[in-house]
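**Q** Structure in structure tokens, see below.
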Amino acid sequence: MATMEMRKDLFADERDDNLNVIGKGVQRQDMPGHVTARTRFFDDHAFDGMLHLKVVRSPHHHARIRAIDTSAAERAPGVKRVLRGADVPVNKNTLLSLINFGKDDEPSLAVSKVSYKGEPVVAILADSEAQALAACKLVRIDYDPLPAVFDVEETLKPGAPVVNETYPGNYFEYHERFDHQKLRFGDVERGFAGADIVMEHRYQMSPIEHAPTETNGSIAAPEQNGRYLVHSCAQGLFFALGTTAKIVDVESNQLHFIGGTVGGGFGGKVDSLTEPLAVLGAMLTGRPVRFVLDREEEMLYGSPRGAERIYIKDGLMRDGRIVARHIRSYFDAGAYTRLSSYAAIKCTAHVPGPYWIPNVASDIYVSYTNRCPSTAMRGFGVTAVDFALEVQMDRLAEAANMDPMELRILNAYRDGDMKPHRRAAKNTALVECVQVAAEKANWPLSEQAKRASSLIGGGAGERSQIPATQLDARGQIGRPDSRNGPVTQVLPAGTSRIAPSKQPVMEGARDGRATPTQVPRYEPQRPAAPPPPPAYQPAPPPYQPASSYSPPPAPPAPPPPVAPAQPQHGAVRFSSVFGTRRR
Amino acid sequence: MAKLPLQFRLNGSDRATFVDPASNLLDTLRRGLGDFGPKYGCGQGTCGVCTVLVDGEPQLACLTLAVSCEGRQIETTSGMADGPNLHPLQDAFMDHFAAQCGFCTPGMLTAARALLAKNPQPSREEVVEAISGNICRCTGYEPIIAAILAAANAPGARRA
Ligand code: FES
Ligand code: FES
């Protein structure tokens, strides 16, 4: 068994107890079940009289539905019930509505139009899978094909076909009006003007199918007490329960979800693709209903990782310092939102990568296209931009004629550095990671790079400051259409529009156990409880920044809360959609 | 459709059932006889999670007509342990972290079992070849290969 080492020299202030598990082999509690085939996955359950559900999917990328004729299918052998959009109690949902984020935009069964190839329109419940499949072929749907759009930038242009009527601009609306997520720190244009080299590159990702070995599916069965038992493959069991309860319009205590054994998920089993229709089928027929995607459906219509298009423009000095970085990215949501709105927020939180850069701007869009809706997949929103950023770093190293490892050490965040998100970096370790990687790879580093440390040089001078932020003619931090307008205002240094100080979601105690606290809300800006130096103090700054930006002004008035206080929900993990993740 | 009677030995016990002439062995084992050891991953012979032994030979149950198994010996992972005593392959899979989600594990164990029954001291290449019809989306295969090689060298490994 490979051993792992806890680098206490790097993480000395992180935990002071002695870890007694890392480096030792510990038997997983689910392993005996796996090797004896006693683990019960969702499909490993038998029910008498079980019906099989199959859906009829759209053959078109984009089309109006003129008429649906299910009469022949209803008379087919073994068919017990046919479901259409009108049978679904709440036939419009968006996954993150459970935490009040975004508008309901996706039907369980399409009614008047289909927006991607493979969108479910009709569901058939029959005694056997073969009978359900045979009856699917008998459903007649009259379509009127519409022009389709597949490109994340084309779809945002005027006159592009409207993919998703809930969002007629073909972009997800942040705070119900903004077409993208924005981040501004300092003045990138000024940074580019002063740079020795300015470089822009475009990066295009592909959608990626999770391809779990077990396909998506569930079995729903009526219990005798008015409740429904659901064996589910869901990665987020209670998320699936909440989503199903909403769509079939029952109290959540009428649903008894059993799961936890997921035959490979990787993010592709958070969309509740099958549970709502399986439960609805069980409610309407009184029989157990099994809805399982076959392999072809899983590969074609099980939502993939969303493809992203990323533009990175960097201003670089000859000595290797990055002085400005502008990132523009388009996240391909496919036809419906699902979790893409959250991916763009994660992406925004992740830029500009683990580097201290004095001028940063980013604009992250969620675009709707006539593709299969995309969803979560292992670091979605972050993985792709990381790929782009690190390829860009190699290109910068080449341009500066510098070793790529040393370029990273030179630009790495160090403890105390102010991030564009208006928080001080802490527990940084990129410098050490690069040093260790170089050593293991026998990669020669200069003495200077070897001596560098995450604990040295961070937060010095302008590195701890929030620089002035440029505003456009309308007093905004720069809409794309006003970017070329004259600068009329400057958001004073040391301030931000979104209050940076929020309660932590989880407060890690010194013994390493986390004490959950309440899900926080936006609050007006106020000084953070003083953390140990050299942490960030809002205003006044401890010393004059050694920068060329506007001088620090008088302490600003606290900006108003930018989002209404959210009611409490259990989904702490997703709280970062409100920007309230800890530190 | 008229059903046909079918008898075979499953993990050492005589079993009898009725099947549609078109039923495959996978559905018959899972839905007919309640042995959920073999899994459904593709139904088209590409993933290997349905692998079972038919008269000692590894076969994809999803592509095997049930009626072709009349009178055969079928073995699945459900019958691999000897009471409370795990097969050396099962022990080795546990020790080498050779399962993550566990969905490919029954098929992997069956493929490995067939290999060791014929070739008790396989080379790494022979192990890789033996499990080349089994997809694992989680582990990256290395722990599985290590587990099979370790089991081959463990006492008692020759027990089929
Ligand atoms: S289910 Fe038989 S090979 Fe995939
Ligand atoms: S352990 Fe998940 S597929 Fe192999």
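**Q** How many residues, within region A:369-402, are more than 30 Å from A:SER272 (Cα to Cα) and surrounded by fewer than 19 Cβ atoms within 10 Å (Cβ to Cβ)?
**A** Within region A:369-402, residues that are more than 30 Å from A:SER272 (Cα to Cα) and surrounded by fewer than 19 Cβ atoms within 10 Å (Cβ to Cβ) number 8.
**Q** Same structure, new question: Could you check region B:21-47 and list, in sequence order, the residues that are within 6 Å of ligand 1 (Cβ to nearest atom) and facing chain A (nearest Cβ under 8 Å)?
**A** B:TYR40, B:GLY41, B:CYS42, B:GLY43, B:THR46, B:CYS47
**Q** Of the conditions (1) away from ligand 2 (no atom under 14 Å from the Cβ); (2) free of Cβ contacts under 8 Å to residues at least 12 places away in the same chain, B:ASP95 fails just one. Which one is it?
**A** All conditions are met except number (2).
**Q** Follow-up question, since we're still on this one. Is it the case that some residue within region A:40-48 is part of a strand (DSSP E or B) and at pLDDT 95 or above?
**A** no
**Q** Oh, and also: Look at B:GLY107 and say whether it is touching a strand residue (DSSP E or B) at 6+ places or on another chain (Cβ under 8 Å) and not assigned by TED's automatic domain parsing to the domain that holds B:PRO58.
**A** Details: touching a strand residue (DSSP E or B) at 6+ places or on another chain (Cβ under 8 Å): yes; not assigned by TED's automatic domain parsing to the domain that holds B:PRO58: yes.
In short, yes.
**Q** Which residue out of B:VAL67, B:VAL54 is in the same structural domain as B:ARG30 (by TED's automatic domain parsing), at pLDDT 95 or above and within 16 Å of ligand 1 (Cβ to nearest atom)?
**A** Being in the same structural domain as B:ARG30 (by TED's automatic domain parsing), at pLDDT 95 or above and within 16 Å of ligand 1 (Cβ to nearest atom) holds for just one of B:VAL67, B:VAL54, which is B:VAL54.
**Q** Could you tell me how many of the residues in region B:150-160 are surrounded by fewer than 19 Cβ atoms within 10 Å (Cβ to Cβ) and modelled with pLDDT of 95 or more?
**A** 1
**Q** Within region B:120-140, which residues are in contact (Cβ under 8 Å) with a residue 12 or more places away in the chain and either crowded, with 18+ Cβ neighbours inside 10 Å or within 16 Å of ligand 2 (Cβ to nearest atom) (or both)? Spell out the reasoning first.
**A** Quick first cut of region B:120-140, residues in contact (Cβ under 8 Å) with a residue 12 or more places away in the chain only: B:120-122, B:124, B:127-128, B:130-131, B:133-139.
B:PRO122, B:VAL127, B:VAL128, B:ALA130, B:ILE131, B:GLY133, B:ASN134, B:ILE135, B:CYS136, B:ARG137, B:CYS138, B:THR139, listed by residue number.
**Q** Just name the residue that is farthest from the other protein chains (Cβ to nearest Cβ) out of those in region A:237-279 that are within 19 Å of the chain's Cα centre (by Cα), under 18 Å from A:TYR336 (Cβ atoms) and of a type in the set (Gly, Ala, Ser).
**A** Looking at the filtered set, the residue picked out is A:SER272.
**Q** Also: So which of A:ALA343, A:ALA324, A:ALA335 is without any contact (Cβ under 8 Å) to a residue 40 or more places away in the chain and crowded, with 24+ Cβ neighbours inside 10 Å? Please lay out each step first, then the result.
**A** On the way: A:ALA324 fails: without any contact (Cβ under 8 Å) to a residue 40 or more places away in the chain; A:ALA335 fails: without any contact (Cβ under 8 Å) to a residue 40 or more places away in the chain.
After applying the criteria, what remains is A:ALA343.
**Q** One residue is enough: does region A:54-64 have a residue meeting the conditions at pLDDT 95 or above and within 14 Å of chain B (Cβ to nearest Cβ)?
**A** yes
**Q** Could you go through region B:81-89 and let me know if any residue there is in a helix (DSSP H, G or I), within 15 Å of ligand 1 (Cβ to nearest atom) and either closer than 30 Å to A:GLN235 by Cα or touching a Leu at 6+ places or on another chain (Cβ under 8 Å) (or both).
**A** Keep residues of region B:81-89 that are in a helix (DSSP H, G or I), which gives B:88-89.
If we keep only those that are within 15 Å of ligand 1 (Cβ to nearest atom) as well, we get none.
No, every residue in region B:81-89 fails to be in a helix (DSSP H, G or I), within 15 Å of ligand 1 (Cβ to nearest atom) and either closer than 30 Å to A:GLN235 by Cα or touching a Leu at 6+ places or on another chain (Cβ under 8 Å) (or both).
**Q** Something else about it: Out of (1) within 16 Å of B:ASN11 (Cβ to Cβ); (2) within 14 Å of another protein chain (Cβ to nearest Cβ), what's the single condition that is false for B:VAL54?
**A** Among (1) within 16 Å of B:ASN11 (Cβ to Cβ); (2) within 14 Å of another protein chain (Cβ to nearest Cβ), B:VAL54 violates only (2).
**Q** Let me ask something else. Read through the list (1) crowded, with 20+ Cβ neighbours inside 10 Å; (2) within 16 Å of ligand 2 (Cβ to nearest atom), then give the number of the only condition that B:PRO88 fails.
**A** Going through the list (1) crowded, with 20+ Cβ neighbours inside 10 Å; (2) within 16 Å of ligand 2 (Cβ to nearest atom), B:PRO88 breaks only (2).
**Q** Among what's in region A:211-235 and is surrounded by fewer than 21 Cβ atoms within 10 Å (Cβ to Cβ) and away from every other protein chain (no Cβ under 14 Å), pick the residue that is nearest to ligand 1 (Cβ to nearest atom). Outline the logic, then answer.
**A** Step one: list which residues in region A:211-235 are surrounded by fewer than 21 Cβ atoms within 10 Å (Cβ to Cβ), which gives A:211, A:222-227, A:229, A:235.
Add one more test, that the residue is away from every other protein chain (no Cβ under 14 Å), and what stays is A:222-227, A:229.
Values: A:PRO222: 29, A:GLU223: 31, A:GLN224: 34, A:ASN225: 36, A:GLY226: 36, A:ARG227: 32, A:LEU229: 26 Å.
Looking at the filtered set, the residue picked out is A:LEU229.
**Q** When you scan region A:298-316, how many residues do you find that are surrounded by fewer than 20 Cβ atoms within 10 Å (Cβ to Cβ) and either more than 30 Å from A:GLU390 (Cα to Cα) or more than 25 Å from the chain's Cα centre (by Cα) (or both)?
**A** Of the residues in that region, 1 qualify.
**Q** For region A:368-411, give me the residue count where each residue is more than 14 Å from the chain's Cα centre (by Cα) and not in a helix (DSSP H, G or I). Full working, then the answer.
**A** Kept after step one, since they are more than 14 Å from the chain's Cα centre (by Cα), are these residues of region A:368-411: A:368-372, A:387-411.
Those still in the list that are not in a helix (DSSP H, G or I) too: A:368-372, A:400-403.
The qualifying residues number 9.
**Q** Can I ask one more? Name, by its number, the condition in (1) under 30 Å from A:ASP43 (Cβ atoms); (2) part of a loop (DSSP other than H, G, I, E, B); (3) among the acidic types (Asp, Glu) that does not hold for A:GLU297.
**A** (2)
**Q** Looking at (1) within 16 Å of ligand 1 (Cβ to nearest atom); (2) under 12 Å from the mean Cα position of the chain (by Cα); (3) in contact (Cβ under 8 Å) with a residue 40 or more places away in the chain, which is the one condition that is false for B:ALA61?
**A** Exception for B:ALA61: condition (3).
**Q** Using the structure shown, decide if B:ALA146 is over 14 Å from the mean Cα position of the chain (by Cα) and either within 15 Å of ligand 2 (Cβ to nearest atom) or in a loop (DSSP other than H, G, I, E, B) (or both).
**A** Yes; evaluated as a whole, the condition is true for this residue.
**Q** Do you know which of the residues in region A:10-33 that are within 17 Å of B:ALA147 (Cα to Cα) and within 31 Å of the chain's Cα centre (by Cα) is modelled with the highest pLDDT?
**A** Result: A:MET31.
**Q** Now for a separate question. Starting from residues that are touching a His at 6+ places or on another chain (Cβ under 9 Å) and among the hydrophobic types (A, V, I, L, M, F, W, C), keep the ones in region B:99-116 and report whichever is farthest from ligand 2 (Cβ to nearest atom).
**A** Among residues in region B:99-116 that are touching a His at 6+ places or on another chain (Cβ under 9 Å) and among the hydrophobic types (A, V, I, L, M, F, W, C), the one farthest from ligand 2 (Cβ to nearest atom) is B:LEU109.
**Q** Kindly state which strands (runs of 3 or more DSSP E) lie completely within region A:86-186 and contain at least 2 residues that are surrounded by fewer than 16 Cβ atoms within 10 Å (Cβ to Cβ), modelled with pLDDT of 95 or more and touching a strand residue (DSSP E or B) at 6+ places or on another chain (Cβ under 8 Å).
**A** By residue number, A:140-145.
**Q** Scanning region A:31-53 for residues that are among the acidic types (Asp, Glu) and buried (at least 16 other Cβ atoms within 10 Å of the Cβ), which turns out farthest from the other protein chains (Cβ to nearest Cβ)? Walk me through how you get there before you give the answer.
**A** Our first condition is that a residue be among the acidic types (Asp, Glu); within region A:31-53, this holds for A:43-44, A:48.
Next, from what is left, pick out any that are buried (at least 16 other Cβ atoms within 10 Å of the Cβ): A:43-44.
Working: A:ASP43: 7, A:ASP44: 4 Å.
Of everything passing the filter in region A:31-53, A:ASP43 is farthest from the other protein chains (Cβ to nearest Cβ).
**Q** Another one. Considering only region B:101-137, how many residues are in a loop (DSSP other than H, G, I, E, B) and more than 16 Å from ligand 1 (Cβ to nearest atom)?
**A** Qualifying residue count for the region: 5.
**Q** For region A:273-293, does any single residue satisfy the condition of being within 16 Å of ligand 1 (Cβ to nearest atom), without any contact (Cβ under 8 Å) to a residue 12 or more places away in the chain and not basic (Lys, Arg)?
**A** no
The values are calculated or read from the model by the stated rules, or taken from the named source; none is laboratory data. Owing to the predicted nature of the structure, the values given are computational and were not obtained by experimental measurement. Positions of Cβ are generated from backbone atoms using ideal geometry, with glycine treated the same way; all protein chains shown enter the neighbour counts.
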